[in-house]
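Novice: My questions will all concern the structure given below.
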Amino acid sequence: MSEEEGRERAVTTEGDAESMNDGRALVQPPARSGDVISPTRAVLTLSKSMFNAGCFSLPYAWKLGGLWVSFVMSFVIAGLNWYGNHILVRASQHLAKKSDRSALDYGHFAKKVCDYSDIRFLRNNSKGVMYFVNVTILFYQLGMCSVAILFISDNLVNLVGDHLGGTRHQQMILMATVSLFFILLTNMFTEMRIVSFFALVSSVFFVIGAAVIMQFTVQQPNQWDKLPAYTNFTGTITMIGMSMYAFEGQTMILPIENKLDNPAAFLAPFGVLSTTMMICTAFMTALGFFGYTGFGDAIAPTITTNVPKEGLYSTVNVFLMLQSLLGNSIAMYVVYDMFFNGFRRKFGARFPNVPKWLSDKGFRVFWVLVTYLMAVLIPKLEIMIPLVGVTSGTLCALIFPPVFEMITFWTDWKGLLTHRQRMTKIFINCCVMAIGCFAIVAGVYTNIYAIFNSFATPDP
């Protein structure tokens, strides 16, 4: 790299320096047009990517961690997720402007971080870093989507299983196959505007199901004064792992920001990210608190089990099943966004006579079928996927963003910040990474322990 290029990368405006000092975005990206969504729809889509059936395991997580330790940790975990997402988008917007691109997906963002780095090793291995990030996100998303198919098929079996023959496993495969048709249908749409509409409808079903659960929960005698404030170290780290796992939307941050009509609205003080995180934190904390204090030690691993299966309450699983069905395309959008352009370029060069629409639909069908096969072929997938989730999800939320921010702005910080300011930023990022590493170790320990116990215990 020439000396002139190095100086060019270090040059920023005085306004940029002020922005950096107070934590706001370094750049104000231009407005976008075409397949874009408004900030309101971005909030709905991002919220839906975080609101999934996994949220209903939070009251049980609070039981494992203790009431007040879990209460405090809920806000700490939310704050860490917000910080990681904020610096991720800030660095992505900065590099998109520097490379004259309107937006960057997670993998290409990681590549640009290395391409513009002063470290020769990173520049020489930027594609390897991109592939590692892409594979990490791919495993995470495929795992989430395959578990969603299991959730849908399990609920369908509960609804109509009495009218079907065969074993429960055979019924599950049949219902997964039935749901596959509808999942394929929702995944055929390519525009973010349509995907965000599915997110809106899915959110309605989720809110209805959650409202029914909360309505029943708050009617229970509150036991907050009888519950332990803290349990033990193992229970606490399990609670942390489950709570990190509940924030399933880390990988949707950049795809949604990339489709926002006004990118500056994403990081605004009351913009898309902060609004979404406040909504999610309030809901998850309320669900954990009232769920645990309402049922106490009787809380089930999923709070839906504590709700009666009669009258209005019998509709809960139906609403949650429908939201999972419609929400599948949101999670799969991340996979399409990362891999389709490269696939289309290489596939088109090798098979130029194949229509583009056919290669597009075939690409989508392939990945949906992969999640379907994972759901029906891998034994005990529902307890193995959290192991992938807690590692990949934590990497995307708490490890990658601080590392990429420090590499992206290292030269700029030297010229714009005092030594104390620079050391403060580095210290904060190192603390976040240390917490992320701890969460990964804790999550791996608890999930491997659960997997061993599950395989050691014969099925009834």
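The values are calculated or read from the model by the stated rules, or taken from the named source; none is laboratory data. What you see is a predicted model, and the numbers here were worked out from it, not measured in a lab. Heads up, the Cβs are rebuilt from the backbone with ideal geometry, glycines too, and the neighbour counts pull from every protein chain shown. Heavy atoms of the whole protein, side chains included, go into the accessibility calculation; ligands, DNA and RNA do not. Shrake-Rupley method; radii C 1.70, N 1.55, O 1.52, S 1.80 Å.
Novice: Out of the total accessible area of the chain (probe 1.4 Å, heavy atoms of protein only), what percent is carbon and sulfur? List each step's numbers first, then the result.
Specialist: Details: 13840 of 20840 Å².
That fraction is 66 percent.
Novice: If you count only protein heavy atoms with a 1.4 Å probe, what accessible area per residue comes out for the chain, rounded to a whole Å²?
Specialist: Accessible area per residue, the chain: 45 Å².
Novice: Can you list residues from other chains, or at least 5 along the same chain, whose modelled amide H is less than 5 Å from the amide H of LEU260?
Specialist: For LEU260, the qualifying residues are ILE37.
Novice: Given a cut-off of 29 Å, name the pairs among LYS111/LYS259; LYS48/LYS414; LYS127/LYS356; LYS259/LYS309 whose C-alpha atoms lie farther apart than that in the structure shown. List each step's numbers first, then the result.
Specialist: On the way: LYS111/LYS259 20 Å; LYS48/LYS414 39 Å; LYS127/LYS356 26 Å; LYS259/LYS309 41 Å.
Check vs 29 Å cut-off fails for LYS48/LYS414; LYS259/LYS309.
Novice: A further question on this structure: Spelling out what I want: for every residue of the range 318-335, take phi, set θ = phi - 60°, compute 6.51 cos²θ - 1.76 cosθ + 1.60 (Karplus), and round to whole Hz; glycine and proline get x.
Specialist: Here the 3J(HN,Hα) series is 5, 5, 5, 5, 5, 5, 5, 5, 6, x, 4, 5, 5, 5, 6, 4, 4, 5 Hz.
Novice: For a protection proxy built on the mean count of beta-carbon atoms within 10 angstrom, sort 98-108, 223-233 highest first, please.
Specialist: On the way: 98-108: 17.9, 223-233: 13.3.
Most protected by this proxy first, the peptides run 98-108, 223-233.
Novice: From the backbone phi of the range 81-98, what are the Karplus-calculated ³J(HN,Hα) couplings (6.51 cos²θ - 1.76 cosθ + 1.60, θ = phi - 60°) in whole Hz, Gly and Pro given as x?
Specialist: With the stated coefficients, the range 81-98 comes to 5, 4, 4, x, 5, 5, 6, 5, 5, 4, 5, 5, 5, 5, 6, 4, 5, 5 Hz.
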